[in-house]
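Report on the following structure.
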2 protein chains.
Amino acid sequence: MNEIKVTLSEKDIPRQWYNLGADLKGPMHPPLGPDGKPVTPEQMARIFPANLLEQEMTQSRWVDIPEEILEILYRWRPAPLRRARYLEKHLKTPARIYYKDESVSPAGSHKPNTAVPQAWYNKQFGTKRLTTETGAGQWGSALSFACSLIGLECKVFMVRISFDQKPLRRIMMNIWGGTCVASPSQETATGRQVLKETPDTPGSLGIAISEAIEQALEDQSGQTKYSLGSVLNHVMLHQTIIGLEAKKQLTLIGERSPDVVIGCAGGGSNFAGVSFPFVHDKINGAKITIVPVEPTACPTLTRGPFTYDFGDKSGQTPLLAMHTLGHNFVPAPIHAGGLRYHGMSPLVSQAVEEGLLEPRAYDQVASYEAALLWAKTEGAICAPETSHAIAGAVDEAIKAREEGKEKVILFCYSGHGMMDMLGYDRYLRGELTSYSLPEEELEKSLAASLTGLPKV
Amino acid sequence: MNEIKVTLSEKDIPRQWYNLGADLKGPMHPPLGPDGKPVTPEQMARIFPANLLEQEMTQSRWVDIPEEILEILYRWRPAPLRRARYLEKHLKTPARIYYKDESVSPAGSHKPNTAVPQAWYNKQFGTKRLTTETGAGQWGSALSFACSLIGLECKVFMVRISFDQKPLRRIMMNIWGGTCVASPSQETATGRQVLKETPDTPGSLGIAISEAIEQALEDQSGQTKYSLGSVLNHVMLHQTIIGLEAKKQLTLIGERSPDVVIGCAGGGSNFAGVSFPFVHDKINGAKITIVPVEPTACPTLTRGPFTYDFGDKSGQTPLLAMHTLGHNFVPAPIHAGGLRYHGMSPLVSQAVEEGLLEPRAYDQVASYEAALLWAKTEGAICAPETSHAIAGAVDEAIKAREEGKEKVILFCYSGHGMMDMLGYDRYLRGELTSYSLPEEELEKSLAASLTGLPKV
């Protein structure tokens, strides 16, 4: 248990993904069409290939990972499990803090874990081109990367505030052959409408999703499909390789199962990835505190109701049963662009409803403080999204010190901050302020978004 | 030999650095003072601590690595050895291409391998503050990182062209508590003089070194020392951990000793790091082609004479016996800022003189072509400096195909390109052109720089 880095050999990589859906108590609430009836696979087939839809709907607990996908994942997986000994020492905590380092992928985050299978299944299905949205740019670059390796065209709608804050992400997508435009754009009816109403909008993931779906639907040949980097069941499924590897690594060094598991949560994918295999254990009796951490500017799990809502601004997705701030919500332009999403993975939301998770919110100043502490102790510079998970881990380590308990903490280090220097610069200059979503703004968004929609 | 990633456990990390100086035939040419006499340790002691000077002068073949330094290096070392199977496949080469991945350090390059020992030895000696220069920013961020962990102040003079092209590197240094100014600056006599003569100069490493030394000398207390990220013997020494690890890793997978070893060369440090342990083998009879790759815009080894010259613009360093383009040379503003240096490590230069190395030059367009090929096959985005080594490896792999030989190629992947997107953008837009240093410009610089200086 004294190692600071635990590597797993290729031959020990997990060969199946874990589907939490098979273990939740339920009742599970199916996606609904505009008519209030459960959507059929046929309706979804216009934007997703049948093989991914099958994964989206599967009731199997375990899903085999095709060997061809593993071959690509081997470029950076198994990802290292590291121990944050220097942070532990600084905090004088008896806790042992482990983190799964997802920053080692070529795109710099956990996103390629699902980008690769999504591109691969689409290629198998005969898709030629994928459209998608991206917040901070992590997902857009991951999908461009995967499409480049697998041989698909890739078109990315990037939320305007991030497009402006993180111009280098666009170039990264271009290097891998992807095309990237700021959203809202003039290329779609949704984009044009939003720009007409609010020309200076920072954009949102909800708007960008609408634009990407619209452009996929426009291709009458059916060879353009849409790809989503979070929220959906099959995305959570693909990400569970994170937690499954972590389990094997903890076992390998003789460490016990974690007492606390933490991940930042925007749409829920890296959080689900690291935590779902442990939620499985919790359902089966293990005592684990499992914490999704979100920004106070976009407090979906901590303050949004659990109800049916659209995944996008213009209502092109099915209605999903999830925690939501309302599909019309435009989050404040915080630097953690990947956490600026009004909704949340239905699986994560359902797990919260079943009392399996303990969501928490941090504001961006507290998160940057944690990021700076991380850089000065562990030495690495994290993504602003990841800083929320670090803030959570720091608090848990301090709590362990106060309680005098030798806890094991595991969190997901979802990505590096190499492309996110401008946010750090603003923090260091003292230009960032704490911000929590005002109650009246939340009420207004919920009223404007949910009126007339079915309840769970 | 089918692995694409070879990890070495902490316990197998090399515990000694290798000093090529002990194995070169010589005669070795000592550093000279302005009076033409060999400099004494006392003269050097104004800017370097005695313990590092001892390493600079040592005749020992092997130098122990203190345990405390290894403890810090374990954060990212041993670095993985990877095999570029996808590039091999694309090139249809029978060669096996391995690369030592130095991009995994928190600062993103090989530079922390010497930044950590330099900061540590300075701390032991009682130094409070280090000054340094940086080209592309790799070295400045590495030293800021090391000083942050070890507890020293850090002041960086960053070559103006890179300061402008890579603004995010300055923020990175700030995150680790370092201070960074563009060079030439108004803070030193050298900087003010250069700005007066050439207000729109892109700057050079030679100028930045002068400024950093000047500021170290200003501190009468002796608690400010100067730190150099390349060129000097002790820097080459610290970097040999790269090649020593690579040797162990090749042995571990049953691979034979490489036929070709490649590294990009600016001041020579990552090249020396990967290659010197193999130069040792070559001296002892092994048949290896060892290739430092430099830019055609700054062709120190391929076109500069081997003679005594200053390491900096204003002649504050001792005279070093090395290949040089003249200390007044200001290289064209290519994106590989780390390769824009007029001189070269005396050890690397001497090895060239002894026929042990086969230097080669590539222009930046050819190098970016190699970088794009890399991104689309291997998936990762490399630093512009590193792209020169990749271009060399690609040519060697093609040669192996043409010769029908199953060669083993090893190169140093010196750093990632996350902070270097603007150069890629210009390449993708077709804004970059091929450039070789014109003969008349070289002649002019040599005349202006070397007249009156001693010869080797």
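The values are calculated or read from the model by the stated rules, or taken from the named source; none is laboratory data. Not measured: the values here are computed from a predicted model. Backbone-built Cβ (ideal geometry, glycine too); neighbour counts: all protein chains shown. Note: accessible area is taken over every heavy atom of the protein model, side chains too, but ligands, DNA and RNA are not part of it. Shrake-Rupley method; radii C 1.70, N 1.55, O 1.52, S 1.80 Å.
Quick rundown of the values:
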read-out	value
Estimated buried accessible area (total), pair A and B, 1.4 Å, Å² to nearest 100	3300
Carbon and sulfur %, accessible surface of the range B:327-456 computed with the full protein complex present, 1.4 Å	51
Angle between chain B longest axis and helix B:439-450 axis [Cα atoms, degrees, rounded to 10]	40
Where trypsin sites (Lys or Arg not before Pro) fall in DSSP loop in the range A:295-385, at most 12 other Cβ within 10 Å	none
Of all DSSP beta bridges in chain B, antiparallel share, percent nearest 5	35
Förster-model FRET efficiency, 30 Å R0, B:Trp62 and B:Thr40, C-beta, rounded to 0.05	0.70
Integer Hz, Karplus 6.51/-1.76/1.60 couplings in order for the range B:293-308, x for Gly and Pro	10, 10, x, 5, 6, 8, x, 4, 7, 7, 10, x, x, 8, 7, 7
At 7 Å out from Cα toward Cβ: B:Glu403 inter-copy label distances (nm, ascending)	6.4
The protein assembly as shown: antiparallel DSSP beta bridges as a percent of all, rounded to 5	35
Within 10 Å of each Cβ in B:374-380, the average number of Cβ atoms from other chains	6
Axis-nearest residue of B (beta carbon) for the B-onto-A rotation, whole Å	B:Met418, 2
Ellipticity estimate at 222 nm from DSSP helix runs (n ≥ 4, -39,500 (n - 2.57)) divided over chain A, nearest 500	-12500 deg cm²/dmol
In nm, spacing of pseudo-spin labels at B:Ala448 and B:Arg256 (7 Å Cα→C-beta vector)	5.0
Shielding by partners, peptide B:169-177 (average Cβ within 10 angstrom, other chains)	5
Helix axis angle, B:205-218 relative to chain B longest principal axis, alpha carbon, degrees	50
Shielding of B:411-420 by partner chains, average beta-carbon count, 10 Å	2
Solvent-accessible heavy-atom area per residue, rounded to whole Å², over the protein assembly as shown at 1.4 Å	33
Position B:Ala189, label points 7 Å along Cα→Cβ, spacing to each other copy in nm (shortest first, one decimal)	7.4
Partners for A:Lys155 among aspartates and glutamates (Cα-Cα distance below 17 Å; same-chain residues under 8 apart left out)	A:Glu133, A:Glu187, A:Glu211, A:Glu214, A:Glu218, A:Asp219
Probe 1.4 Å, all protein chains present, accessible-area order of B:Phe163, A:Phe157, largest first	B:Phe163, A:Phe157
Listed pairs A:Lys37/A:Lys444; B:Lys100/B:Lys376; B:Lys5/B:Lys89; B:Lys11/B:Lys407; B:Lys111/B:Lys399; B:Lys111/B:Lys196 exceeding 22 Å between Cα atoms	A:Lys37/A:Lys444; B:Lys11/B:Lys407; B:Lys111/B:Lys399; B:Lys111/B:Lys196
Accessible surface ranking that places the most exposed of B:Arg169, A:Arg46 first, with a 1.4 angstrom probe	A:Arg46, B:Arg169
Accessible area of A:Met44 in the full protein assembly, 1.4 Å probe (Å², nearest 10)	20
Shortest-first nm distances, B:Lys25 label point to equivalent points in other copies (7 Å, Cα→Cβ)	8.3
Dipole in debye (nearest 20) - chain A, about Cα centre, beta carbon charges: Lys, Arg +1; Asp, Glu -1	860
Nearest-ten-degree value, helix B:241-252 long axis tilted from longest Cα axis of chain B	10
